[in-house]
Amino acid sequence: MKVLVYSAREFEIPYLESANSHKHKLTFLKEALSSKTAIKAVGYDAISIFSADEACFLTIEKLKDFGVKYITLRSVGYDNVNLRAALRLGIKVANVPAYSPFAIAEHAVALLLALNRKLIESNRRVSQFNFNLNQLVGFDLNEKTIGIIGTGRIGAVMSKIMHGFGCELLGYDIETNYELVNKYNMTYNSLANLCAESDIISIHVPLNEDTHHLINEDLISEMKDGVVIINTARGAVLNTNHIIDGLKSRKIGALGIDVYENEKGVFFKDYSLDVPIDDNMIIKLNALPNVLITGHHAFLTEEALTNIAETTIYNLNCWEQRINSENELTS
């Protein structure tokens with residue numbers, strides 16, 4: 001099968017090639033999928049895309065006209081794909097439903113620890129031979145209350161880790177994970193109550209109509225003063241402008257994010273030598289000392305990249321053999 005891999009990054013190509021083992025003819029393209037770049041897929045049976053690619057209605061229509069029959073995502077999230085259009089036009093779509101919940105949860109913990117213990121600022125001072133400890137005071141995680149919004153695979157791992165720190169766990173989800181209740185004494189709450197009671201809030205929900213701007217000024221107003229918010233899920237789960245207001249007022253004590261509401265067209269690129277980014281929200285966030293941002297790289301572990309590559313090739317193998325993949329989103 002001829003496959004065009006959009007948004008191919010240098011770090012992932014070896015994993016894809018290894019998993020493929022010459023089964024399919026893979027062509028790697030740095031450019032992201034969009035209605036303008038869809039024409040590059042002419043002559044290909046399938047394409048592979050990442051979370052920053054855009055498979056909107058217009059793009060899907062063009063891909064159909066160009067002969068593309070399959071789209072395999074190298075991500076869990078698929079909010080960037082118009083599944084209705086794909087289903088109507090007969091294009092099969094599959095994702096990677098789980099690659100490493102440990103990678104994401106461990107990154108969330110890393111953000112929390114770095115913020116709480118002021119590691120970035122401490123290292124900056126020491127690099128300048130400044131060993132002053134003023135304004136580097138953090139707090140013990142032990143006996144603090146952490147609210148886990150979304151207790152699926154990733155949220156469950158996050159819960160296990162935070163239980164190990166001695167935290168009290170509050171959970172919010174549409175379904176109760178009774179293993180977390182029984183093993184780690186998690187208490188499920190309404191979202192409003194979780195926000196009111198938590199010292200730390202960690203977000204692990206997908207982006208959809210119900211979760212878009214889930215964390216907004218109304219919920220922020222109910223939070224404890226100085227609450228720490230960690231988001232490794234999807235950027236638009238937070239209303240970023242409301243978050244910035246909360247940070248400025250000190251209602252939010254610290255923010256750690258690996259995702260950003262307007263990350264499309266910004267993340268995964270090097271703008272350090274280019275024209276300054278014209279995005280006021282990211283500029284404001286970067287200017288705040290109690291904000292730590294990483295560029296959507298929570299998934300970036302050897303184990304996760306291996307699983308992503310293997311599942312991507314597995315989806316292609318299933319389609320080539322005319323069998324359904326259990327990872328299909330349009331079946």
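The values are calculated or read from the model by the stated rules, or taken from the named source; none is laboratory data. Treat the numbers as computed from the prediction; the structure is a model and nothing was measured. Every residue, glycine among them, receives a Cβ derived from its backbone with ideal geometry; neighbour counts consider all protein chains shown.
All conditions in (1) closer than 22 Å to ILE104 by Cα; (2) surrounded by 14 or more Cβ atoms within 10 Å (Cβ to Cβ) hold for LYS269, with the sole exception of (2).
Residues checked against (1) small (Gly, Ala, Ser); (2) touching a helix residue (DSSP H, G or I) at 6+ places or on another chain (Cβ under 7 Å); (3) on the phi > 0 side of the Ramachandran plot:
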residue	(1), (2), (3)
LYS2	no, no, no
TYR6	no, no, no
ARG9	no, no, no
ILE13	no, no, no
ALA19	yes, yes, no
THR27	no, no, no
SER34	yes, yes, no
THR37	no, no, no
GLY43	yes, no, yes
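Taking residues in region 314-328 that are hydroxyl-bearing (Ser, Thr, Tyr) and buried (at least 17 other Cβ atoms within 10 Å of the Cβ), and partners anywhere that are modelled with pLDDT of 95 or more and not in a helix (DSSP H, G or I), the pairs with Cβ atoms closer than 6 Å and at least 6 places apart or on different chains are SER325/ALA94. Whether a residue is surrounded by 20 or more Cβ atoms within 10 Å (Cβ to Cβ) and without any contact (Cβ under 8 Å) to a residue 24 or more places away in the chain was assessed, and LEU26 passes this test. Here is the figure for region 272-331: residues that are within 30 Å of TYR44 (Cα to Cα) and assigned to a helix (DSSP H, G or I) total 19. Residue count for region 285-294 satisfying the condition of being modelled with pLDDT of 95 or more and not aliphatic (A, V, I, L, M): 2.
For region 69-84, filtered to residues that are over 16 Å from the mean Cα position of the chain (by Cα) and in a loop (DSSP other than H, G, I, E, B), the residue that is nearest to PHE28 (Cα to Cα) is LYS69.
Take the residues of region 123-153 that are within 27 Å of the chain's Cα centre (by Cα) and among the hydroxyl-bearing types (Ser, Thr, Tyr): which is farthest from LEU219 (Cα to Cα)? Among those that are within 27 Å of the chain's Cα centre (by Cα) and among the hydroxyl-bearing types (Ser, Thr, Tyr), it is THR151. Return the pair list, or none, for Cβ contacts closer than 6 Å from residues in region 41-52 that are closer than 22 Å to LYS269 by Cα to residues that are among the basic types (Lys, Arg) and at pLDDT below 95, at least 6 apart or on different chains. Filtered contacts from region 41-52: ALA52/LYS264.
Name every residue in region 134-155 that is surrounded by fewer than 22 Cβ atoms within 10 Å (Cβ to Cβ) and small (Gly, Ala, Ser), in order of residue number.
Taking region 134-155 and keeping what is surrounded by fewer than 22 Cβ atoms within 10 Å (Cβ to Cβ), we get 134-145, 152-153.
Once the filter is applied, which keeps residues that are surrounded by fewer than 22 Cβ atoms within 10 Å (Cβ to Cβ) and small (Gly, Ala, Ser), region 134-155 yields GLY138, GLY152.
Once region 53-68 is narrowed to residues that are in contact with a helix residue (DSSP H, G or I) (Cβ under 6 Å, 6 or more places away or on another chain) and either in a loop (DSSP other than H, G, I, E, B) or in contact (Cβ under 8 Å) with a residue 40 or more places away in the chain (or both), the residue that is farthest from CYS318 (Cα to Cα) is PHE66.
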